[in-house]
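What follows draws every value from the coordinates through simple rules; no lab data is involved. All of these numbers come straight from a predicted model, not from anything done at the bench. Ideal geometry is used to build each Cβ from the backbone, glycine not excepted, and the neighbour counts take in all protein chains shown.
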Amino acid sequence: MKVNQTRNNTSIVQQNWVEGLYAITPDIENTNDLVEKVDQVLSSGVQFIQYRNKTNAHEQRVHQACAIKKRCQRYGAKLIINDHLDIALAVNADGLHLGSNDLTIREARAYLGKHKIIGASCYNQLDLALVAEKEGANYVAFGAFFASRTKMNTVKANPDLLIQAKKVLKIPIVAIGGISVTNAALLISNGCDAIAVSNSLFNAVNIPFAVNGFTHLFLVNP
C-alpha cells in the first residue's frame, strides 16, 4: 500500500472513531419535542447520536432525521441512522447502524462509501464482532447489559464480554442496554469505548446534567 493511501485510511479511522457518550433517540412522535431534546443533548457536548424510531411512518422518520442532521451540523456532531439505509442516504447521515436482520456490512458499504460510519449489533456474541470487524465495520455494539426500557426482548450480555472483546478487537466497542449513571462505570472499566444511552438521557429531568454525569465517568475510568 502506498504511503498516501495509508495516511488516508488512518485519517478515515480517526474521524470515524466512536467514543464517549453515544445518544440514541427514543420513539417520539412529535418532531418539535424530539428536536428540543436533541438540542439539549448536542449542546451539552455529545458527539454521536443515533436516530432510532420504530413507530413513526416513513415520511415522519425522514423528516425527523433531517431535522436532527441539521442540529448535528450546527454542533459538529455525527448522525447515525438505525437500520434504514434509505433514510441514511436521504439525509446524508454520517453513518448507519445495522442489526442482525438488516443489510450486510459489505452491502451497506457499497451504498455508503468508505467515509461513512457503519456499526453492527453483536448482542452477546464475540464471533459476530470479529466477523463485523473483518467485513469493515467501524464499531461493534454489545448488549443488553442491563434491563432496557427502550427495547424489549433483548439478549442478555455479561459485562465480562467487554474484557474479552477488548483483547481481540481493534475497532471501537459500544456497550448498550439499560445503561445509567449508576451502572455505566463497570462497563467503561471493562473496556468499552462508548456507552449507548437512550432512556436515562432523553427522559432525564435535566438532560445537560445527565450528559455531564456520563461524560465524567469516562474521565475517572480512563
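Quick look at the numbers
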read-out: Ranking of F145, F214 by count of other Cβ atoms within 10 Å, fewest first; value: F214, F145
read-out: Distance between region 167-200 and region 22-42 - C-alpha centres, whole angstrom; value: 21
read-out: Nitroxide proxy distance, nm - points 7 Å out along Cα→Cβ at H58 and Q125; value: 2.8
read-out: Among V155, V41, V205: highest mean-square fluctuation, GNM of the chain, C-alpha pairs under 10 Å; value: V205
read-out: I118 long-range amide H proximity, modeled H, under 5 Å; value: L96, N138, Y139
read-out: Dipole in debye (nearest 20) - region 3-217, about Cα centre, beta carbon charges: Lys, Arg +1; Asp, Glu -1; value: 400
read-out: Sparse-neighbour loop sites [GluC sites (Glu not before Pro); region 14-100; at most 13 other C-beta within 10 Å; DSSP]; value: E29
read-out: Helical contribution to [θ] at 222 nm, DSSP H n ≥ 4, -39,500 (n - 2.57), averaged over the chain, rounded to 500; value: -13500 deg cm²/dmol
read-out: Loop-exposed trypsin sites (Lys or Arg not before Pro) per DSSP, neighbour cap 12 Cβ within 10 angstrom, longest uninterrupted part of the chain; value: 55-113
read-out: Spin-label model distance (nm) - A147 vs V220, 7 Å beyond Cα toward Cβ; value: 2.6
read-out: Label-point gap, in nm, between D86 and S43 - each point 7 angstrom along Cα→Cβ; value: 3.5
read-out: Which of Y75, Y51 has the fewest Cβ neighbours within 10 Å, and the rest in rising order; value: Y75, Y51
read-out: Phi to ³J(HN,Hα) by Karplus 6.51 cos²θ - 1.76 cosθ + 1.60 over region 55-71, Hz, x for Gly, Pro; value: 10, 6, 5, 4, 4, 5, 5, 4, 4, 5, 4, 5, 5, 5, 4, 4, 5
read-out: Inverse of mean 1/r across different Cα pairs in the chain, Kirkwood, Å; value: 17.5
